[in-house]
Amino acid sequence: MRILVTGGAGFIGSTLVDRLLADGHEVAAVDDLSGGDRGNLVRAAESPLFALHVMDIRDPALIGLAAEWRPEVVCHLAAQISVRKSVADPVHDARLNVEGTASVLQAAHHGGTRKVVFASSVAVYGRPAVIPVPGGAATDPRSPYAASKLSAETYLATFKALHGIDYTTLVLSNVYGPRQSPDGEAGVVAIFTDALLNGTPTVVYGAGDQTRDYIFVDDVVDGFARACGTEGGGGRFNLGTGVQTTDRRLHSLVAEAAGVADEPGEAPTRLGDLPAMAVDPAPALEGIGWRPQTELAVGLKSTVDWARSRLASL
Ligand SMILES: NC(=O)c1ccc[n+]([C@@H]2O[C@H](COP(=O)([O-])OP(=O)(O)OC[C@H]3O[C@@H](n4cnc5c(N)ncnc54)[C@H](O)[C@@H]3O)[C@@H](O)[C@H]2O)c1
């Protein structure tokens, strides 16, 4: 089928593009390259089934593109992705994540699109009372980023009611893997990997006992690929492992994968940091036949190997 991927030059988007092409789909990526990189699409660019459109998702030309190309499915990943940036500039965050989503949905409408698959975030759960967070847990957006993601989720339901466009929302936990930038705050695996391979200092905050739910990027794009079908319509599924990993343990695992000493520095706990997070993936098995497949140590090994070969090629 024809699938349009917004944010297709980014970390997760480009991995999704590769997966969809491998599955035999025709794929168009839309990305303004503000955070993504053409280099992520080198393999995709060799395929006659692929095209990259360097374009802001808010550009009215997106409607013309969709009307002409008529994607059956739109996977919407383009976004302002930083919680901290959203706090510093909530207007910019809303422009990208709310206005941007309305623009993508309007394009999907003009393109006769059957379904939109959306990348939401566990940030929408705020400080959850129960961990792992169950599928149907209440939302509690505590940052402009969380509010804009939740607003985008609401727009999906609105466009379904208005124009009959089906949707699936995938609520992503902490995604890691090859192509993740070490510059982003979300990418602690990328930050540790980059620093440990370069021999620069690493720190863990507080007692290092803050936990996150790390999910490998190949597993996440498998969720998107499954959601592109007819299953999971109107649904909202957590894509995580349900397993909590502390910062300190993660550091040890990355150091082990890199074959270097496990000696992080210490820094005070950062104000506002969430103490713990993990999400229950069980409903995704029922909804879209998805379950996490990649053991953390295995995913970290492949991430470190990728980062090492990238450093060697610089
Ligand atoms: N990485 C994670 O752990 C994580 C967790 C939860 C949710 N998500 C969501 O997954 C999606 C992908 O995240 P990622 O980690 O791959 O980030 P990323 O920055 O690598 O990818 C985002 C892409 O969107 C593009 N983009 C941004 N604004 C745009 C605009 N106005 N027009 C066109 N393109 C634009 C960027 O250039 C970039 O290529 C985002 O929606 C993010 O909020 C990611």
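Looking at this structure, is T168 surrounded by 24 or more Cβ atoms within 10 Å (Cβ to Cβ) and over 23 Å from T246 (Cβ atoms)? Against the criterion (surrounded by 24 or more Cβ atoms within 10 Å (Cβ to Cβ) and over 23 Å from T246 (Cβ atoms)), T168 qualifies. With a requirement of 1 or more residues that are aromatic (F, W, Y), the strands (runs of 3 or more DSSP E) lying completely within the stretch 203-294 that satisfy it span 203-205, 214-216, 235-239.
Within the stretch 38-51, residues that are touching a residue at least 60 places away in the same chain (Cβ under 8 Å) have Cβ atoms under 6 Å from residues that are within 16 Å of the ligand (Cβ to nearest atom) and part of a helix (DSSP H, G or I) in these pairs: N40/S14, counting only partners at least 6 apart in sequence or on another chain. Would you be able to say whether some residue in the stretch 191-200 is touching a strand residue (DSSP E or B) at 6+ places or on another chain (Cβ under 8 Å) and either in a strand (DSSP E or B) or in the same structural domain as R270 (by TED's automatic domain parsing) (or both)? Within the stretch 191-200, none of the residues are touching a strand residue (DSSP E or B) at 6+ places or on another chain (Cβ under 8 Å) and either in a strand (DSSP E or B) or in the same structural domain as R270 (by TED's automatic domain parsing) (or both). If you scan the stretch 83-132, which residues turn out to be within 20 Å of V279 (Cβ to Cβ), more than 9 Å from the ligand (Cβ to nearest atom), outside any helix (DSSP H, G or I) and in contact (Cβ under 8 Å) with a residue 12 or more places away in the chain? Once the filter is applied, which keeps residues that are within 20 Å of V279 (Cβ to Cβ), more than 9 Å from the ligand (Cβ to nearest atom), outside any helix (DSSP H, G or I) and in contact (Cβ under 8 Å) with a residue 12 or more places away in the chain, the stretch 83-132 yields V117, G126, R127, P128, I131, P132.
How many residues are touching a residue at least 40 places away in the same chain (Cβ under 8 Å) and over 19 Å from A297 (Cα atoms) when one looks only at the stretch 173-185? First the steps, then the outcome.
First pass over the stretch 173-185, keeping only residues touching a residue at least 40 places away in the same chain (Cβ under 8 Å): 173-181, 184-185.
Subsequent filtering for residues that are over 19 Å from A297 (Cα atoms) retains 181, 184-185.
Residues flagged as touching a residue at least 40 places away in the same chain (Cβ under 8 Å) and over 19 Å from A297 (Cα atoms) within the stretch 173-185 amount to 3.
Name the residue, out of V221, V279, V217, that is touching a residue at least 60 places away in the same chain (Cβ under 8 Å) and within 18 Å of D194 (Cβ to Cβ). Give the steps one after another, and end with the answer.
Values: V221 fails: within 18 Å of D194 (Cβ to Cβ); V279 fails: within 18 Å of D194 (Cβ to Cβ).
The match here is V217.
Within the stretch 87-103, being in contact with a helix residue (DSSP H, G or I) (Cβ under 7 Å, 6 or more places away or on another chain) and either surrounded by 18 or more Cβ atoms within 10 Å (Cβ to Cβ) or charged (D, E, K, R) (or both) holds for D93, A94, N97, V98, T101, S103. Of note, Y205 satisfies the criterion of being away from the ligand (no atom under 11 Å from the Cβ) and farther than 20 Å from S120 by Cβ. Tallying residues that are closer than 13 Å to R2 by Cβ, touching a helix residue (DSSP H, G or I) at 6+ places or on another chain (Cβ under 8 Å), buried (at least 18 other Cβ atoms within 10 Å of the Cβ) and not β-branched (V, I, T) within the stretch 20-34 yields 4. When the stretch 14-67 is filtered for residues that are more than 19 Å from the chain's Cα centre (by Cα) and of a type in the set (V, I, T), the ones remaining, listed by number, are V42, V54, I63.
On inspection, S47 does not qualify as assigned by TED's automatic domain parsing to the domain that holds G7 and closer than 21 Å to D183 by Cβ.
The values are calculated or read from the model by the stated rules, or taken from the named source; none is laboratory data. All of these numbers come straight from a predicted model, not from anything done at the bench. Glycine also receives a Cβ, built like all others from the backbone with ideal geometry; neighbour counts cover every protein chain displayed.
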